[in-house]
């Protein structure tokens, strides 16, 4: 690993109220003293856009927290086709399931933009949950939610309706990071059309065409290449419902 991408634990200790622990649901409601303990366990890593965080078969020995930036998590088919499982943004984490049992990763993670990660090694995390067992309970709840998300993705992929697949993705993005405005729900697109396609099993061209159709129908409009506003969430939900029936 290039040493310029590794930041020492001491730097984590001096980042004050901006440290990653405050952004993570696992550590919500901890006292300042307990948060300081969490931060003392953290090392940091900076990954450049397009850089792989870990690959299939790498040891799964740490919890990776997105301090800022974003990641995609994916698997590869036998033909080398990329299937994106989910996206991670600031305050989210991965490696949680593997903290319960040591093994190897069966998926890969890559930075979608320059990203700072905060990393807690399994042996340190094990000591932490012995002292604060409520963190382990939150970890299990988060793992459950991730399984539900993957089940919903499988359901989306089983429909042949491209509009339904895209509607499900847009609703998911709106629920995760949408902002209510007078015109509708504004969504910042941190993922490319290509990655949208790889997530829901369509081509980039189909994604662009269907987005154009939704725009022509008045369901949404683009403020610019990175921001869209969903004007009619009800009609978008109707498309999603078609794929679930």
Checking residue 218 against (1) loosely packed, with under 15 Cβ neighbours inside 10 Å; (2) within 24 Å of the chain's Cα centre (by Cα), the condition it does not meet: (2)
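Out of region 99-123, which residues are over 19 Å from residue 188 (Cβ atoms) and either buried (at least 18 other Cβ atoms within 10 Å of the Cβ) or in contact with a helix residue (DSSP H, G or I) (Cβ under 6 Å, 6 or more places away or on another chain) (or both)? Talk me through it step by step, then tell me what you get.
Going residue by residue through region 99-123, those that are over 19 Å from residue 188 (Cβ atoms) are 99-110, 117-123.
Scanning region 99-123 gives 99, 105, 108, 109, 110, 117, 118, 119, 120, 122.
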How many residues of region 68-98 are at pLDDT below 90, in a strand (DSSP E or B) and surrounded by fewer than 15 Cβ atoms within 10 Å (Cβ to Cβ)? The answer is 1
Restricting attention to region 187-205, which residues are over 17 Å from residue 234 (Cβ atoms) and not in a loop (DSSP other than H, G, I, E, B)? 188, 193, 194, 195, 196, 197, 198, 199, 200, 204, 205
Qualifying positions in region 25-54 - outside any helix (DSSP H, G or I), touching a helix residue (DSSP H, G or I) at 6+ places or on another chain (Cβ under 9 Å) and either under 19 Å from residue 112 (Cβ atoms) or modelled with pLDDT of 75 or more (or both): 41, 42, 43, 44, 45, 46, 47, 48, 51
Among the numbered conditions (1) in contact with a strand residue (DSSP E or B) (Cβ under 8 Å, 6 or more places away or on another chain); (2) at pLDDT 80 or above; (3) surrounded by fewer than 18 Cβ atoms within 10 Å (Cβ to Cβ), tell me where residue 130 comes up short. (1)
Looking at (1) without any contact (Cβ under 8 Å) to a residue 60 or more places away in the chain; (2) within 15 Å of residue 227 (Cα to Cα); (3) within 18 Å of the chain's Cα centre (by Cα), can you tell me which one residue 200 breaks? (2)
What pairs come out if I take residues in region 169-184 that are over 15 Å from residue 221 (Cβ atoms) and in the same structural domain as residue 238 (by TED's automatic domain parsing) and pair them with residues that are assigned to a helix (DSSP H, G or I) and modelled with pLDDT under 95 whose C-beta lies under 6 Å away, six or more apart or interchain? 169/200; 171/240
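The values are calculated or read from the model by the stated rules, or taken from the named source; none is laboratory data. None of the values given here were measured: they were computed from a predicted structure. Virtual Cβ from ideal backbone geometry, glycine too; neighbours counted across all protein chains shown.
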